[in-house]
Amino acid sequence: MYKSKIGGIGMYVPTNIVTNKDLEKIMDTSDEWIQERTGIQERRIAHRTNETTTTMGVEAAKIAIDRAGITAQDIDFIVFATLSPDYYFPGCGVLVQRALQMKEIGALDIRNQCSGFIYALSVADQFIKTGMYKNILVIGSEKHSFGLDYTTRGRNVSVIFGDGAGAVVLQQCNNESGILSTHLHSNGNDAETLAMYNPGTHANYWKKDLASFDEATIGEMFMSHSMIDNAQNFPFMDGPAVFKKAVVKMPEVILEALQANNYKPSDIDMLIPHQANLRIIQFIQHSLKLADDKVYNNIQYYGNTTAASVPIALCEAWEKGKIKTGDLVCLTAFGSGFTWASALIKW
Ligand code: UT7
């Protein structure tokens, strides 16, 4: 059995910065409310037409591949995590394969929202462990701005999210370092607590007789005017309900990872939590009694970038020299599904 290690890491965020003050101009919100409730000061917003979830992922991937000391031709497999794909189908993985002119390798898309990157890392880790692949490109990328309700109606969601991408190259290794374990969980009872309902196949059309459908009904099956009028094409979030679960499940899954490897919270050199809310991160930090310099935060500058948040934070922490060889690094995330996860890495 082999082990896997992060051989290269990269990130990309759009240059366009949107501050809380900018949002004050388009909806009934305030810098004070956003900072007090979330810690967010600003977020990056992708170029409306020139930047997509895939193009941002590709930029992060190029850096990760370069830092791994290989070329795109050496990648054996792609795992792409996002909730904001370029197309409804196909997924972003194949678009990365095309953009980087890679060999005709496999490309898998992961739909686990905020936990997406850790799920993707876990999948890639299994392929490396069995010896099936040697170099796997794992990407988390989001272009949230294409589909948020930037009016007062959607303010509880739209002020939180931002765009960006992070990527790693996972490589085979034989020594003590690398990914020690990953831990994945879900509970679908709360699936509708944080969700985008439409377009989706849950609509009740099939209770009717298909033969009785007229052209207008067929045309509206995928996305109807009433869905749009009721803002069902935008994400819905019961924020307090998500908050309450997140502060329980993330410490739980961190402890699970530590116990699986005979470590305790004080052994963590750097915790990289999903950047959903600074208050959630502080809850986790206090419940595990971690010092400030053992927890990395950058939500202030990027907001919540969902599948991209963990690799962006990991990349920044590493670039700033806050993660060194031999460090015990813990990743954790919680979000829509609900799904939650952790990964423990000896750097
Ligand atoms: O990454 C995916 C996982 N997501 C999360 O982890 C998010 C978890 N939840 C949260 O982070 C918090 O619940 C929020 C930041 C989303 C909201 O903070 P909160 O302290 O839970 O506020 P709330 O939803 O209870 O709303 C309090 C008030 C409401 O007004 P009333 O009913 O008290 O008059 C909202 O209408 O704040 C109002 N409000 C806003 N006011 C100004 C909601 N959004 C805004 C806004 N600006 N953007």
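Hey, any idea what Rg/Rh is for the range 244-327, computing Rh the Kirkwood way over Cα pairs?
0.94
Each residue of the range 155-171 in turn: what ³J(HN,Hα) in whole Hz from Karplus with 6.51, -1.76, 1.60 and θ = phi - 60°, glycine and Pro shown as x?
Using θ = phi - 60°, the values come out as 5, 5, 9, 5, 6, 8, 8, x, 9, x, 8, x, 8, 9, 9, 9, 10 Hz.
Quick one: net charge of Ser84's neighbours, Cβ under 10 Å, K/R +1, D/E -1?
-2
Taking a ≥ b ≥ c as the square roots of the Cα gyration tensor eigenvalues, with a/c under 1.5 meaning rounded and otherwise prolate when a/b beats b/c, else oblate, which class fits the range 3-176?
Prolate, because a/c is 1.5 or more and a/b exceeds b/c.
Jot down the per residue volume, in cubic angstrom and as a whole number, of the convex hull over the alpha-carbon atoms of the chain.
148
Mind counting lysine pairs for me in the range 3-176? Cα separation below 13 Å, and the two need to be 8 or more apart along the chain or on different chains.
The number of close lysine pairs in the range 3-176 is 4.
From the phi angles alone, apply the Karplus equation (6.51, -1.76, 1.60; θ = phi - 60°) to the range 130-139 and give each ³J(HN,Hα) in whole Hz, x where the residue is Gly or Pro.
6, x, 5, 10, 9, 10, 10, 8, 10, 10
Under the Karplus relation 6.51 cos²θ - 1.76 cosθ + 1.60, θ = phi - 60°, what is the ordered set of whole-Hz ³J(HN,Hα) values for the range 25-40, x standing for Gly and Pro?
3J(HN,Hα) across the range 25-40, in whole Hz: 6, 10, 8, 7, 8, 8, 4, 4, 4, 5, 5, 5, 7, 10, x, 6.
Give me the distance between the Cα centres of the range 90-116 and the range 60-82, rounded to whole Å.
The range 90-116 and the range 60-82 have Cα centres separated by 11 Å.
Please give the calculated 222 nm ellipticity per residue for the chain, where each DSSP H segment of at least 4 residues contributes -39500 (n - 2.57) and the sum is spread over every residue; nearest 500 deg cm²/dmol?
Result for the chain, helices only: -9000 deg cm²/dmol.
Which of the lysines could a cross-linker bridge to Lys249, judged by Cα under 18 Å and excluding same-chain residues fewer than eight apart?
Within reach: Lys264, Lys289.
Over the range 3-176, what relative contact order in percent results from Cα pairs under 8 Å that are six or more residues apart?
It comes to 35 percent, rounded to a whole number.
For Cα pairs less than 8 Å apart in space and 6+ apart in sequence, what is the mean separation divided by the residue count of the chain, i.e. the relative contact order in percent?
Across the chain, relative contact order equals 26 percent.
Please give the Cα centre distance for the range 328-347 versus the range 296-313, rounded to the nearest Å.
Between the Cα centres of the range 328-347 and the range 296-313 lies a distance of 13 Å.
Just so you know, all these numbers are worked out from the coordinates, no wet-lab data involved. Computed from a predicted model, the values in this text were never measured in an experiment. All Cβ positions, even for glycine, are placed from backbone atoms using ideal geometry, and neighbour counts span all protein chains on display.
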